[in-house]
1. Choose one answer from B:CYS185, B:CYS21, B:CYS216: the residue with the largest mean-square fluctuation in a GNM of chain B with alpha-carbon springs under 10 Å.
2. Please list 3J(HN,Hα) in residue order for region C:205-213, calculated via the Karplus relation 6.51 cos²θ - 1.76 cosθ + 1.60 where θ = phi - 60°; whole Hz, with x for glycine and proline.
3. Can you work out the Karplus-derived ³J(HN,Hα) for every residue in region C:228-241? Use 6.51 cos²θ - 1.76 cosθ + 1.60 with θ = phi - 60°, whole Hz, and x for glycine or proline.
4. Students often get this wrong, so check it: of D:LYS87/D:LYS165; B:LYS5/C:LYS165; B:LYS167/C:LYS5; B:LYS5/D:LYS308, which have C-alpha atoms separated by over 24 Å?
5. Which distances, shortest first and in nm, link C:SER95 to the matching position in the other copies, using label points set 7 Å out along Cα to C-beta?
6. To test your reading of the geometry: what angle, between 0 and 90 degrees and rounded to tens, separates the Cα axis of helix C:311-323 from the longest principal axis of chain C?
7. Would you please give the residues with an amide H less than 5 Å from that of B:LEU50, counting only those at least 5 places away or on a separate chain, with H modeled from the backbone geometry?
8. Inter-copy label distances at B:GLY69, 7 Å along the Cα→beta-carbon direction, one decimal in nm, shortest first?
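None of the figures in this text is laboratory data; all of them are computed from the coordinates on show. Keep in mind that this is a model prediction, so the values were computed, not measured. Glycine gets a Cβ as well: all are built from the backbone with ideal geometry, and neighbour counts include every protein chain shown.
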Protein chains: 4
Amino acid sequence: MNQRKYSVFIDNVASCNDRYCGAYGRSYTMEEKFDRVKSIPLLSAVDIVLSPDFMNDKERIRENVQRTGLKVAAVAVDTFADPVFQKGSFASTDSGIRELAMQRAREAIDFAKSVGCSIFTTWPGQDGYDYLFQADYIKERTLFQEAMAELCDYSPDMSITMEYKIKEPRTHSYISTVGMALLMCEAVGRDNLGIALDYGHAALGYETPAESAAICKMYGDRLKHIHINDNYRLWDDDMIVGSVHTLEFVEFIYWLRRTGYQGYMTLDQFPYREDGRDAVAESAEWLDYLESLVDNADMDEIAEVIKKNDAIAASRLMRKLLQGRIA
Amino acid sequence: MNQRKYSVFIDNVASCNDRYCGAYGRSYTMEEKFDRVKSIPLLSAVDIVLSPDFMNDKERIRENVQRTGLKVAAVAVDTFADPVFQKGSFASTDSGIRELAMQRAREAIDFAKSVGCSIFTTWPGQDGYDYLFQADYIKERTLFQEAMAELCDYSPDMSITMEYKIKEPRTHSYISTVGMALLMCEAVGRDNLGIALDYGHAALGYETPAESAAICKMYGDRLKHIHINDNYRLWDDDMIVGSVHTLEFVEFIYWLRRTGYQGYMTLDQFPYREDGRDAVAESAEWLDYLESLVDNADMDEIAEVIKKNDAIAASRLMRKLLQGRIA
Amino acid sequence: MNQRKYSVFIDNVASCNDRYCGAYGRSYTMEEKFDRVKSIPLLSAVDIVLSPDFMNDKERIRENVQRTGLKVAAVAVDTFADPVFQKGSFASTDSGIRELAMQRAREAIDFAKSVGCSIFTTWPGQDGYDYLFQADYIKERTLFQEAMAELCDYSPDMSITMEYKIKEPRTHSYISTVGMALLMCEAVGRDNLGIALDYGHAALGYETPAESAAICKMYGDRLKHIHINDNYRLWDDDMIVGSVHTLEFVEFIYWLRRTGYQGYMTLDQFPYREDGRDAVAESAEWLDYLESLVDNADMDEIAEVIKKNDAIAASRLMRKLLQGRIA
Amino acid sequence: MNQRKYSVFIDNVASCNDRYCGAYGRSYTMEEKFDRVKSIPLLSAVDIVLSPDFMNDKERIRENVQRTGLKVAAVAVDTFADPVFQKGSFASTDSGIRELAMQRAREAIDFAKSVGCSIFTTWPGQDGYDYLFQADYIKERTLFQEAMAELCDYSPDMSITMEYKIKEPRTHSYISTVGMALLMCEAVGRDNLGIALDYGHAALGYETPAESAAICKMYGDRLKHIHINDNYRLWDDDMIVGSVHTLEFVEFIYWLRRTGYQGYMTLDQFPYREDGRDAVAESAEWLDYLESLVDNADMDEIAEVIKKNDAIAASRLMRKLLQGRIA
């Protein structure tokens, strides 16, 4: 059996809101949130978004990490929830805003080091545009590129990752697809720049997540972190893993193993109407189950089927994988 | 020139938030909001969502209506932002919740009457489901149907309208498309049940808004209210009118006139990064411009082209409409 | 175990083409096609589209039906492949074209009777429009409505069904969604008018197929026939059943049983690059497997979960259904 | 006024078919097709797909080119309509098939040279997959990459272009998005490899075509050819230019000028139900009109608005552009 390395964004076990409803559930203290993660046996780590609140509470985060024994899988800088970045962060044409994003990023990198974490994540959700004739596509993208280079050089031992997403909160994001993210890696030309692949974002962009992972391997071994959740393909619904799709997760897990991915899978959900902790626990159970289908499979047989380019053979294989009848 | 009857959801001139960022802009008092609407010459009315806040402020709303001379185009009950309705309102299987929704609806209807407004709107955004195996599709839809009948009977002189939308905030809504909304009208069997057509919701559901309006006319003359905004067709982006699409609005306006629609068009936007008042003013300017294209057109010539079922003739007509060369 | 009633469009076991490639595979004689269907043990029937070719070969079809012992599950009139109907059939404003469609439909109904089949299917794929300003939405829809009434009256013992689809071959179809199809049923007002639900079309229209089936039950018990296949939700890919989605099929099968559907499930695929017979056999194997998951489940337990409106309980149930651990 | 350089795929002025209907219109001789193109004053060139039929008719093509005085804007190899390539061409794991694709490509390049054309186009529509577990994503992509390098080296003076598209005819294409196409350019590392940007493909992939053009400029000045048409964003509808979108074309034209694009815009449509020649003429008229809106605009004013990152300013600009009120 493959080892499970599951993490969760710590706020996922709390409550969330949408653009209509400001609070679907109650709020939780940091201690409660860590305890709630700890209560899920399949999880061994947390991901931290260093939002303004959290930045003022670094010591408390470290204490809770120590207290619970949870690892920190990755640390993200918040350039999406703080309204100061509403028109862009690393790609902002306002040099003050851009510098603030850089400063926050460096602070998050430093914090990551302080908790023994080697993955730093940016999700440039505000770097993009909403309307036509609203952005200088070349200048802003160039600024973003320079920012990534600077961050890579700031901490060469840290994996600096970009999480791509085709839209939301802007109607169009600059780092939109796996191709665009890898192109940015090529342009920046630093070895420690990588990809944080959000499964739901890949699905939203009509990518096959397994293929996206394989392409990251192919072009520079750039896959450094994974966020995981499920959706109906047309929006980033951030649902419980496996609640919509089944076989695509199995193929994803297979290609992760085939390409030697060693990192965490971090649960990243918006359980608006559910208890956050229970929704996360459900996803972990699903992941474990879906991984077990690959555990039970014959990797060589899968490789043989793939070579055939044959839909009938692939279909039979998928049915067998589900039924656990292989090997 | 056709008379313009434009309204706006009063909170549209204030600030908004999304699921990541709790406040893109500052908050405004009710007086400020009314003043901001009043400052836009093309607007003559407001739409009010009777949220819990507003419910405790009815007198103040009435005073502001009187003070500004703005009409109230429609009053909506809030069954989507109050978290008590997070798992449903009129379709809730929890009879207490359902009764609370009914009570709030009756209160909103009464308030509408008190400000001389004859359009009551429900947007059953929480009536639906997120996951498979999560809902009794028949029972909940039946409950919804009964609720609409009760509301129609409560106030036979009021237009009780349903605003359809295919998804969000639930991943699936019960009153999803124009067909489903009209089917509900047929099933309820009350003359005062109608449709509030949100242009963006129609576009999101891959409807042609002009066709949706025409179908409402055909099946019981059910179109009683219109919300208007623009989007990229894959999400309810709630953008400035005319900023993405152009010709579809022109066709929509044409069919509204052809079918004798006499109501308001209510601006319904989420200008996250813009000044709300200015974004609304922009939409009003766009609407006025798009209407002027129809003002300048020869209605008989349009009708003749439509009869031909000929893409080439339609294409020529559209170019002429844009260029204002007709007549 | 529930009885399997699977049929297939007879041309599905042959070859197909797309808009680029005129022939992906070789052609087959009618005898070969019947033999290929017969060779798949899980199939007991065929569906026939009475295309111009087939119309001239009715006797041969009947002979093959008799020879193979296959039933005829449904007969469809071809109003989509014959270019004479390229701008519409039942909704055509050209009375000659419309009459031709009616004549072909009556001929198909008569043929259905002659082979002991009680389901007649229309797929009005050409009844719609491509461009704005290209159609009189009310007039054409009215013509369509009258045509359905006439067909229902022509043969009151026959189920006259409409297969809805949101688009293709037109960019917009009139009978677009389950709501629109049921609204048409209400408007026509005949008991023998019903729905042929194509699973892939429902998915393409962002419907949950189980819900669509339930709604058909609720509004007049209108579900009379089912076409089945899989897709990626954004196009009618017509793929092998179960190759993309898994749980949605399980929920669909559950609701079919709960609502007492007794008809056939007809495989309806476009296996461009596969051997048609083998692709159909695969789908039948998948369906049988997916049905077995429901066979093994406790129907009362499912009903209890559904009542809860609880995503966590639903998620657990789905995992259990997949694992066959229920009962 | 900017010079118009419009071409058309020569078969666009003939008839087309879809997967249901084998022939919507009549067929045309090569002479007729050239004459039909020639009859449209705004067109000065043709694009040729060197399908098997055309390969046997090279001399006749050359004669018609000479006779009509039309230029050849680009020559494409057919690796999508010939069923031999149904499971892949340049990425095929079958070395015989791959070599056949290379041979046909070299032949098309040679032909291009013989008619004074410097743009060679590949549209690898069959290089991709339909099902999960059906493809070795890394190996096939590597083969494709090697093929492009070989073609670039075969003819260093020729622009070897790749036309990206997210899907169809396969459910997933390898060269899917502008990011993926540019990443391929980086990986291949040849100066004469470039992009053929199909406007509708960009729109289908939720790209803003103007941004896609700008990105091509930014990363190696790779934009070498353009195909143009319109669609509803969810499928490659291949409609008349400007019949759905308006402002996006204006922004596209603006950015083409800003980035110094000097090539042709080639009309690429599927006018199923229209006279092909008339549909092409309509598109040319639309393009000319949309270009005239940019002709009349103040380029500096547009650049100033873009710098502002301001939706309100962008919206005002767009309305002014449409109204021709600038300058």
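1. Comparing B:CYS185, B:CYS21, B:CYS216 in a Gaussian network model of chain B, the most mobile one is B:CYS21.
2. With coefficients 6.51, -1.76 and 1.60, one gets x, 6, 8, 8, x, 4, 5, 4, 5 Hz.
3. 9, 4, 10, 7, 8, 6, 10, 7, 7, 5, 6, 9, 4, 3
4. Numbers: D:LYS87/D:LYS165 16 Å; B:LYS5/C:LYS165 36 Å; B:LYS167/C:LYS5 34 Å; B:LYS5/D:LYS308 32 Å.
Distance filter (> 24 Å) returns B:LYS5/C:LYS165; B:LYS167/C:LYS5; B:LYS5/D:LYS308.
5. In ascending order, 5.8, 7.0, 7.7 nm.
6. So the inclination is approximately 90 degrees.
7. Result for B:LEU50 returns B:ALA76, B:VAL77, B:ASP78.
8. 6.6, 7.4, 8.7
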